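In what follows, a structure is listed as structure tokens, so that the remarks can point back to it.
All of the numbers you see were taken from the coordinates with simple rules; none came from a lab. What you see is a predicted model; the values in this text were computed from it and never measured. When we count neighbours, we look across all protein chains shown, and the Cβ atoms used for this are built from the backbone with ideal geometry, even at glycine.
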Amino acid sequence: MANIARQLADEGESHRQLQELLPWYLNGTLEPDEREKTRAHLEYCAVCRRELAELEGLQQALVVAPDEAPQLDESLLDETLRRVGAQSQATDPKPAARLRRGWGWLKPRRAFSYSLGAILLLGLGTFLGFTLATNRSAVGLPPLPWERTQETTHQFFAFPRDILLQGTLTTEIGSRAMAQETFTLEKLHEGDLLLTSKIESDKLAGAGEAVQRLKLDANLRPLSYTIQGPLVYGGQQAGVTINGDSAELTLTSARKVTHRIVPLLGQPPVLLDFSVMSHFVLLERLATRLWAKATDKNETLHFSALIPQALRADTLTLKRSNNPTVLRVGPEGKVLSVSRYLAQLGQGKDALHVELFVRKSDGTLLALRIPVQPQLPSTEPVFVFRSDLFPQGLSLADNSQGAK
Amino acid sequence: MPTEMNPEGEAQLMERTAARDQRAFAQLFRGYQRRLIAFFWLRTHDREATAELFQETMITVWQRARTFNGHCKPSTWVLGIAYRKALEWHRARHKLQLFSHDAEADRLGEPSTGQDLVQAQAGREELCSCVRRALAQLPEAQRAAIELTFEQGLSYREIAEVLGCSPGTVKSRIFYAKRTLKEILQGMGLKGDELWQISRGS
């Protein structure tokens with residue numbers, strides 16, 4: 001008798017336990033063993049079957065149909081982003097970083113105005129075969145907020161992302177600062193790199209963002225690029241797919257897609273656009289690797305410069321200069337002895353020359369100089385330097401001026 | 001059943017949000033929009049409050065993303081925030097509008113209304129609406145357990161996480177909540193078998 005009483009008590013307890021699981025039997029979140037026990041119990045327990053039916057009724061009563069719930073405006077997301085953006089700015093302990101961060105895309109952009117910088121970029125753009133947009137309407141709609149990539153900030157250091165390179169480049173024409181570009185090169189997956197460059201300028205009323213995704217093989221050889229940026233590329237998205245000894249360049253705008261297949265004029269191919277100075281950082285990085293592997297350390301490297309936004313490719317050579325080069329930190333600071341690389345884009349009298357200044361110890365690109373050249377409109381050289389490393393400024397010391 | 005984001009992708013989005021990536025945050029915002037709006041709508045039946053609570057929840061997600069340590073699914077963590085926002089809203093509203101709450105309760109309590117419904121062989125939609133109104137009268141913790149189970153599709157372990165109680169408590173809460181719900185329905189003049197009727201599609 002005692003056994004039977006216990007058995008009944010056990011079953012009662014089991015019934016209650018399984019009855020309590022019914023809500024989650026219904027919503028499908030039970031563990032497999034719980035689900036199986038409940039299912040078996042339901043087969044012979046009418047009380048639980050009725051209970052389950054009632055719970056189903058409760059569930060159905062609670063279903064919020066899509067047309068029942070309020071439909072929210074798109075503006076709620078924008079407003080929320082504005083609020084969180086404002087909060088991070090208010091709590092940011094570093095004013096300098098705040099200046100760089102600037103959620104520029106949340107603010108209406110002013111019309112692009114001409115300035116020396118704009119003319120210079122326009123000149124380079126023309127040289128490279130494309131024209132910069134001259135007003136906001138021609139630039140087109142900015143990408144949607146969630147399609148944008150967060151620009152570089154110091155917070156990336158605390159971020160479990162694989163940041164390979166990060167820095168800020170300031171472009172000066174003569175001694176006037178024209179633009180500032182923050183860039184981050186991060187590794188997304190093996191061989192999949194994301195370069196984000198944000199260009200800000202007081203002189204150029206528009207601010208630009210160039211986002212590039214590079215797929216590389218094990219030898220750092222690019223397999224494909226995609227690029228997007230509202231200012232630099234006039235709202236167009238450029239893409240490159242590399243296929244053996246040719247590349248397919250694609251330019252996508254709201255209205256049309258243009259393709260062109262161009263032969264590669266040297267190996268490896270690199271991407272180049274003079275408005276995005278961080279391209280040179282990548283170029284230098286690639287060159288350092290190639291020279292490290294080369295038998296002749298003074299060998300001239302040959303690249304194929306891909307200029308997708310102009311749908312063309314050009315030869316690019318890079319060689320080391322033997323001339324001693326010295327950079328000066330700040331107006332009267334210490335001097336740095338650096339390596340100088342000479343880049344030449346194109347051939348003959350139309351070729352464009354750029355000098356790269358590289359720290360000897362670790363191959364970091366510290367500065368760039370674009371000398372005055374007949375095909376460029378500027379009457380002063382363009383100097384670009386890593387302002388995050390040298391906030392006090394960096395310039396070419398007098399005894400290095402004009403050296404080639 | 002709510003559609004869920006892939007939990008791994010979601011955890012990544014949470015990490016990126018912690019690092020102040022607005023793009024990742026925007027993805028979370030969109031991913032949770034339908035789900036949280038249904039959650040708040042069921043509780044408030046107020047369009048503005050729903051939008052506001054949803055926005056407040058997401059802003060808290062942004063502010064506290066760094067404190068998310070992966071001990072539970074991101075969705076459980078987010079719903080925990082949403083639940084506390086809803087509680088705050090109810091408390092504030094209760095204080096401010098006690099009189100209107102009482103008026104509503106009186107109206108619901110009118111026996112004739114219920115009798116009419118029964119006599120008129122109330123349609124399924126009306127029954128659902130009665131059940132929802134009855135649900136609003138349940139103690140807060142019981143109501144939340146029911147909504148998280150049936151509207152949000154959480155497991156009892158996840159609900160325990162959200163409500164900060166033991167899994168056993170969650171189970172017994174629903175068990176008692178359902179019993180109380182039937183009593184409320186009867187108190188409204190209904191038969192008390194409306195849940196069963198709804199499930200039969202009457």
Taking A:V326, A:V270 and counting other C-beta atoms within 10 Å, the order from fewest to most = A:V326, A:V270
Among B:C72, B:C128, what is the fewest-to-most ranking by other Cβ atoms within 10 Å?
-> B:C72, B:C128
Describe numerically, in nm with one decimal, the distance between label points set 7 Å from Cα along Cα→Cβ at B:A11 and at A:L389.
-> 3.8 nm
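Can you flag which of A:K198/B:K73; B:K73/B:K191; A:K215/A:K360; A:K37/B:K182 are past 31 Å Cα-Cα?
Long pairs (Cα-Cα over 31 Å): A:K198/B:K73; B:K73/B:K191.
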Global form of segment B:19-83, assessed from the alpha-carbon gyration tensor, a/c cut-off 1.5 | prolate
Among B:V170, A:V262, B:V61, which comes first, then next, by fewest other beta-carbon atoms within 10 Å?
-> A:V262, B:V61, B:V170
Put a dot 7 Å past each Cα toward the Cβ at B:D193 and A:K334; how far apart are the dots in nm?
-> 9.2 nm
Based on the Cβ-Cβ distance of A:D296 and A:T379, what FRET efficiency does E = 1/(1 + (r/R0)^6) give at R0 = 45 Å, to the nearest 0.05?
-> 0.75
Ellipsoid equivalent to segment A:286-338 - semi-axes via the Cα gyration tensor, in Å = 29, 19, 9
Tell me, what is the FRET efficiency for A:S361 and A:R260 to the nearest 0.05, using R0 = 35 angstrom and their Cβ-Cβ distance as r?
-> 0.25
To the nearest 0.05, what FRET efficiency results for B:S129 and B:R66 with a Förster distance of 30 Å applied to their C-beta separation?
-> 0.10
